[in-house]
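Working notes, beginning with the structure itself.
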Amino acid sequence: MASYDFGNDVLFEIFSRADLKTMKKCRVLSKECKDLTYESTFMRLHSQRISTMVGYLLQCSKNFGYSWRHRLSSNFVSIANSGLEPKLTPKFLSFLPEPVQIVATVNEGLVLCSTRLHGENRFYICKPSTQQWEFIPAPNPRFYRSKISMLVLGSNPLRFKIVGLSDSIDDKHSESDSESDLDSEYSDKEVNHCVVSDENLWHCEIFDSKSWEWKQSEDLKLTYRDFFRKRQGVSACGGLHWLIFNREQDKDIVLSFDGNKEEWTMASLPNSLRRKEYWDQIALVSCEGNLGLVNIDFKTKMVDVWVLNYEHIWIRKHTMNLIKERCLTRFHSFYGADTLVMKDMWSVYFYNFKTQKLDRVTADNQDIDAAYFIQTDFESVQLKPE
C-alpha cells in the first residue's frame, strides 16, 4: 500500500473543509495534525468554510435595581468571523421561554441554564446553535448546590452528565453567606468556620441523560481546610477537574471526577508550582483537549503552561512572556493553541502570544460575570432520549 507524506499546507486545506466531527477525529492521527487544528488561524478558516460556531458565551448583568432575572443577559463573542475584529452577538439565549442564568457549558455546544421560580430552581439543557432545549428534572430541593458542572461522554448517541456538589456547611446556612470558594486572595472570613470535625462532606448528585434523572452518589470527603478555587469544573479527558487549595499544607491539589466510573481521585501539581508568591495566579484549563495548568507571575510577566499527559505526568508545554501589560488581567482560558483569553469585569481580551496581537471586547456597558468556550456545529441533536 502506498504511503503519502502530506505537508502542513495540504493538511490545512483538507482539515479546514471537513465537518466538525470529522475534523476532531483527525486530531488522533498524529501530534502534528492535532497541533494544526488548534491554531487560531485554522479555527477561523474552518469556522468560515464549514459554518461552525466557535467563541465564548458571556454571562452579563446590569445593575437596574430589578430582580436578577431582569438584569442577566447572555451574549456570544467570536474572533472566528469574516472580519478582523471580534464580533459580539447580543441576547444569545433569547429563544428560551424565560430569562436564565448560565450554569455550565461544554465546548460541544450544550449549555445548562437555570432560573428561579417560587423559590425553586428550574434547569434547561439547550444547544444554542440549533435553538433546541429541554427541561431538566429538578434535583433534590433539600440541598443548595454551590458547584454544578457538566461533561459529554458520547456524541452518537448524545450522552452527558451533570454533577452537583453541595457543601454540608451550605445546607445549614442561607445562599448569601454559605460560600466556601477560594479566589485570588485568602481572607480570614473565608476560613473562619466553626469546625467540630476535620471532615467536610460534600453531597454529590449526578444527572445522567441516558436515564434522564438525578441520583444521589457517595459523599465527597474533604477537610475544612480544603477550598475550591472556582465553582466551575474543567471538562477534559472524560472527566471534571477542580483546583483545591489546602490551607494547612499550603499547596494545591487537582480533584478529578471520572465521568464513566463516577469515582473521585486527587493528583498533585508539579513541585515548582507550589504557591509561594501572592502575585502568582494559577488555574486549571482545557489545553488542546488535555487537562492543562497555567501559572502567571505578574511581577515577571512570565506564563508557564503545563499539560497532564496520559501517564499522569505534568509536562511543561509553553513558557512565554506577556509583553503587553494591559492584557495582564485575570487569566481565563485558552482559545486554541496560540491565544490566551483574559477577563475582567467589563472586558474579554484575546491575546495571541505568537503575533502579540491583542483584541478587546466589551458587552455594551454590561458587567461580564462569566465566559464559557463553545465550539459546535448547526446540526440538530436528540437532547432527551425517547
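The values are calculated or read from the model by the stated rules, or taken from the named source; none is laboratory data. As the structure is a computational prediction, the values presented were derived from the model and not from experiment. Here the Cβ is made from the backbone with ideal geometry for all residues, glycine too, and neighbour counts use every protein chain on show. Heads up: the accessible areas ignore ligands, DNA and RNA and are worked out on the full protein's heavy atoms, side chains in. Shrake-Rupley method; radii C 1.70, N 1.55, O 1.52, S 1.80 Å.
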Could you say whether any residue in segment 263-275 is open to solvent by less than 20 Å² (accessible area, probe 1.4 Å), at pLDDT 80 or above and either touching a helix residue (DSSP H, G or I) at 6+ places or on another chain (Cβ under 6 Å) or assigned to a strand (DSSP E or B) (or both)? no
Pairs only if they're at least six apart or on different chains, beta carbon under 7 angstrom, first in segment 202-219 and within 13 Å of LEU153 (Cβ to Cβ), second open to solvent by 20 Å² or more (accessible area, probe 1.4 Å) and polar (S, T, N, Q); list them, first residue then second. ILE206/SER217
Residue tally, condition within 26 Å of HIS46 (Cα to Cα) and not in a strand (DSSP E or B), over segment 359-386: 8
Kindly indicate whether ASP377 is more than 18 Å from VAL294 (Cβ to Cβ), surrounded by fewer than 16 Cβ atoms within 10 Å (Cβ to Cβ) and touching a residue at least 40 places away in the same chain (Cβ under 8 Å). no
Within the set of pairs 6 or more residues apart or between chains, which connect a residue that is under 27 Å from GLY154 (Cβ atoms) inside segment 237-260 to a residue that is open to solvent by 10 Å² or more (accessible area, probe 1.4 Å) and among the aromatic types (Phe, Trp, Tyr) with Cβ atoms less than 9 Å apart? CYS237/TYR310; LEU255/TRP264; SER256/TRP264; PHE257/TRP264; ASP258/TRP264
Conditions first: (1) at pLDDT 90 or above; (2) in a strand (DSSP E or B); (3) more than 17 Å from GLU205 (Cβ to Cβ). PHE257 passes all but one, so which condition is the exception? (3)
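So that you can scan it fast, the table gives a plain yes or no per residue for (1) touching a helix residue (DSSP H, G or I) at 6+ places or on another chain (Cβ under 9 Å); (2) modelled with pLDDT under 90:
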site	(1), (2)
ALA2	no, yes
PHE6	yes, yes
MET23	yes, no
TYR66	no, yes
ALA80	yes, yes
Going residue by residue through segment 104-118, is there one that turns out to be at pLDDT 90 or above, farther than 30 Å from LYS357 by Cβ and β-branched (Val, Ile, Thr)? no
Is it true that some residue in segment 192-211 is of a type outside the set (A, V, I, L, M), part of a strand (DSSP E or B) and modelled with pLDDT of 95 or more? yes
Selected residue (criterion: nearest to PRO90 (Cα to Cα)) from residues of segment 346-369 that are modelled with pLDDT of 80 or more and among the charged types (D, E, K, R): ASP367
Just one of the numbered conditions (1) modelled with pLDDT under 90; (2) part of a helix (DSSP H, G or I) is not true of PHE42; which one? (1)
